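The values are calculated or read from the model by the stated rules, or taken from the named source; none is laboratory data. For clarity, every value in this text was computed on a predicted model and none was experimentally measured. Using ideal geometry, Cβ is built from the backbone for each residue, glycine included, and neighbour counts are taken over all protein chains shown.
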Amino acid sequence: MHPNAELYRRLTTAFQAGDLDTIRGGLAVDVQWHEAGEATAVDGRDAVLERMTGAVAHIEGRIDVHDVLADDEHVVAMLNVSLRKPDGSELSYTAVEVAHMSDGRVTERWSFMDACPPDVEAFFTDLG
């Protein structure tokens with residue numbers, strides 16, 4: 001398995017476990033993080049981690065990695081995602097993530113999903 005595929009799988013496992021320290025180590029300081037349905041990127045590792053903190057603290061979820069394709073500069077991952085908030089609301093979708101990689105870190109990431117963006121926005125509202 002390519003090292004970038006291994007890193008991506010490790011970061012996905014870390015996200016599900018709430019292990020933000022592992023994620024911190026896998027992101028470039030100046031990472032650009034593009035979310036599906038969002039017009040602007042989240043700029044920088046600290047901002048990405050802050051955004052993830054709300055999700056990790058308030059959402060139970062499962063990310064099944066269908067497959068990861070990787071080379072020295074890119075990762076493409078196919079995912080099945082199921083999320084549940086404490087109020088019982090749920091969101092499930094398939095996604096494709098594309099990442100630029102450099103020196104064993106994500107430098108830029110895009111997410112594309114089949115869920116309707118208003119549904120996604122409503123789900124992630126009021127996470128704290």
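Brief remarks follow.
- Qualifying residue in region 5-16 (condition: surrounded by 13 or more Cβ atoms within 10 Å (Cβ to Cβ), among the charged types (D, E, K, R), under 13 Å from Glu97 (Cα atoms) and modelled with pLDDT under 95): no
Yes/no matrix, rows are residues, columns are (1) in contact with a Gly (Cβ under 6 Å, 6 or more places away or on another chain); (2) of a type in the set (Val, Ile, Thr):
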residue	(1), (2)
Pro3	no, no
Arg9	no, no
Val31	no, yes
Ala36	no, no
Gly54	yes, no
Ile63	no, yes
Gly88	no, no
Leu91	no, no
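- Residues located in region 73-114, provided they are within 24 Å of Asp46 (Cα to Cα) and exposed (fewer than 15 other Cβ atoms within 10 Å of the Cβ): Glu73, His74, Ser102, Asp103, Gly104, Phe112
- Residue in region 120-128 that is β-branched (Val, Ile, Thr), more than 17 Å from Ala5 (Cβ to Cβ), surrounded by 14 or more Cβ atoms within 10 Å (Cβ to Cβ) and in contact with a Ser or Thr (Cβ under 9 Å, 6 or more places away or on another chain) present: no
- Any pair with Cβ under 9 angstrom, 6 or more apart, that starts in region 60-80 at a residue that is in contact (Cβ under 8 Å) with a residue 60 or more places away in the chain and ends at one that is of a type in the set (A, V, I, L, M, F, W, C) and assigned to a loop (DSSP other than H, G, I, E, B): Val68/Met1; Ala70/Met1
- Filtered residues of region 81-96 (kept if without any contact (Cβ under 8 Å) to a residue 40 or more places away in the chain and under 12 Å from the mean Cα position of the chain (by Cα)): Val81, Val96
- Residues that are of a type in the set (Gly, Ala, Ser), without any contact (Cβ under 8 Å) to a residue 12 or more places away in the chain and part of a loop (DSSP other than H, G, I, E, B) are absent from region 108-117 altogether.
Residues are listed down the side, and each one gets a yes or a no for (1) exposed (fewer than 15 other Cβ atoms within 10 Å of the Cβ); (2) at pLDDT below 90; (3) within 14 Å of the chain's Cα centre (by Cα); (4) not in a helix (DSSP H, G or I):
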site: Ile23; (1), (2), (3), (4): no, no, yes, no
site: Gln32; (1), (2), (3), (4): no, no, yes, yes
site: Thr40; (1), (2), (3), (4): yes, no, no, yes
site: Asp46; (1), (2), (3), (4): yes, no, no, no
site: Gly54; (1), (2), (3), (4): yes, yes, yes, no
site: Gly61; (1), (2), (3), (4): no, yes, yes, yes
site: Val65; (1), (2), (3), (4): no, no, yes, yes
site: Val68; (1), (2), (3), (4): no, no, yes, yes
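- Output for region 23-32, where each listed residue is over 14 Å from Thr53 (Cβ atoms) and not charged (D, E, K, R): Gly25, Gly26, Ala28, Val29, Val31, Gln32
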